[in-house]
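Everything below concerns the one structure shown next.
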């Protein structure tokens, strides 16, 4: 096993590797940020369903899990991947979320113009996802495992060929908010394994 | 929402939603290849209807394998299952719904009408917008802070309850020329208000009105015509100080500064003072304070803390004939009257003059006249209100009952003048 500081080659040995103090601080800081954003993401979801009306938010409400281009939920095998790969997937998802959240925000500005707190949370979520994604990429770079090459920007609305009704738009927004919560929570868990003294 | 009695025919005003970005691909019900799942489409999509109207909707199922059946489908509205008697199977793949006498939408994002498969899964949805067209906004009132801006407030028609998102737009233009302008800063002093921060003309009237618009129509208020100079308000008077008047137990002196923002515009000011005892919510108002920056409150309780506020009304700006608009009250300033064993009478609410100031009460008015006469006929140059107040303080301190006594000061006896000064008669 390499004894190089900051290596992610052997995730089982992470806790025993003596990380540089600044790197350790960075990881702790990013983990704290992810923890905070997980709470915010939960609040966003609650605020969102409240403004869409029932059955959104009712127990047992199970809309179709619509596919969202460029982003999907963490796979069941995510936790079994090496830490570096998990963090790369986290960073990629966090980079894909902001334009999706922006689109939901614009749609909700039309559907719920008198819901300033919801609109503010959606705008904040896009910024927070960018910030957390950048922080995760910085951690990866410091650990010698940089994130993958950035993907090309998705097509803009000018080339959109899909027009959706209001109900599908509400469902899609719920899906995006759900994905945001899933990925910040997943990132918090993955970073937790790097925090010295955290779970292996 | 639905009811048994049929209502008027539905008015469906559809507004096509903007397309979502391609990256947000999905149309609810898009079939997944090889999944064998059914999808559906509800018609109409996102209709707008009047309260009390009816709706006929259909849910058409299609999917893989073909020949999907409408049997077993059901409807929910805002999460509640609709009675089966409201539905009927039109054909093998279509379930119809009839809703009558619709109530106003429960949320502004629209009521959620959903078509479910037998197992409860969601096949399709449509959002209903049920409400009323806006009524005419009214009661527009506007004011200008120091002639620099204009803020207007209005009341929405029908108290604003249209059950639909209603947009209000404040418009204004110069009365005899110019184009329509739209106010841009909304909700500055409440939900139905707008602020115009700059570029306003003086000495020429404006026409102002409010337009209300929602999915079902629009309405326009009456036009308000005003000149900015006639609706001016200003800041509350700064530097309000409240202090004791020597040892006088029933008086406090209030001083303030004229609001500086309008000092160059040659206006007269009216002031109002209000004051209350510390542990009371009842304010007493003194409202005959014209164009002066000090006042004395009299008839107060001794040994009591009072809170005092002052506000200003500018009028006569540039020759305007109209009174202005009262400013906000100044921040409360507190002071206490001196303590005494004797209790004064109830607060009078009058504004007593300070030394040398014109009298505003009957006793002091007469005293002023007498002092003036004395000065003229008895050559008593050192007589003044200040001397009178000192005498009062001395009287209270000594706790003596008022008796007639001779005073002989530096006042030479004038012909016809009374030889004796009778303080108790003053």
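Values quoted throughout were computed directly from the atomic coordinates according to the rules given, and no laboratory measurement underlies them. Worth saying up front: this structure is predicted, and the values here are computed from it rather than measured. Cβ: placed from backbone, ideal geometry, glycine included. Neighbour counts: every protein chain shown.
In table form, for the structure just shown:
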{"item": "Rounded FRET efficiency, nearest 0.05, which uses the C-beta distance separating residue A:39 from residue B:56 and R0 of 51 Å", "result": "0.65"}
{"item": "Dimensionless Rg ratio for the stretch B:223-304, taking C-alpha atoms and the 2.2 N^0.38 Å reference", "result": "1.37"}
{"item": "Net length gained if the chain between residue B:235 and residue B:80 were fully extended (0.36 nm per residue, minus Cα distance)", "result": "50.3 nm"}
{"item": "Peptides ranked, highest mean first, by Cβ atoms within 10 Å: ranges B:227-236, A:73-82, B:290-299", "result": "B:227-236, B:290-299, A:73-82"}
{"item": "Cα convex hull volume per residue for the stretch B:152-249 (Å³)", "result": "181 Å³"}
{"item": "FRET efficiency, 1/(1 + (r/R0)^6) with R0 41 Å, evaluated for residue A:134 and residue B:281 via beta carbons", "result": "0.15"}
{"item": "Partner chain coverage, peptide A:52-64 - average Cβ within 10 angstrom", "result": "5"}
{"item": "Inter-label distance, nm, simple model (7 Å from Cα along the C-beta direction), residue B:141/residue B:161", "result": "2.4 nm"}
{"item": "Relative contact order of the stretch B:210-325, defined on C-alpha pairs under 8 angstrom at six or more residues apart (%)", "result": "31 percent"}
{"item": "Neighbouring partner chain Cβ atoms per residue of A:109-121, average, 10 Å criterion", "result": "2"}
{"item": "Cβ-derived FRET efficiency at R0 25 Å, residue B:118 paired with residue A:80, nearest 0.05", "result": "0.10"}
{"item": "Mean projected area in nm² (Cα convex hull; one quarter of hull surface) for the stretch B:54-162", "result": "10.5 nm²"}
{"item": "Span per principal axis, largest first, for the Cα atoms of the stretch B:262-325 (Å)", "result": "45, 20, 17"}
{"item": "Residue mean of other protein chain beta carbons inside 10 Å, B:111-120", "result": "2"}
{"item": "Two-decimal Rg/Rh across the stretch A:13-116, once Rg and the Kirkwood Rh are taken from alpha-carbon atoms", "result": "1.05"}
{"item": "Largest-first principal axis extents of the Cα set of the stretch A:80-143 (Å)", "result": "45, 20, 15"}
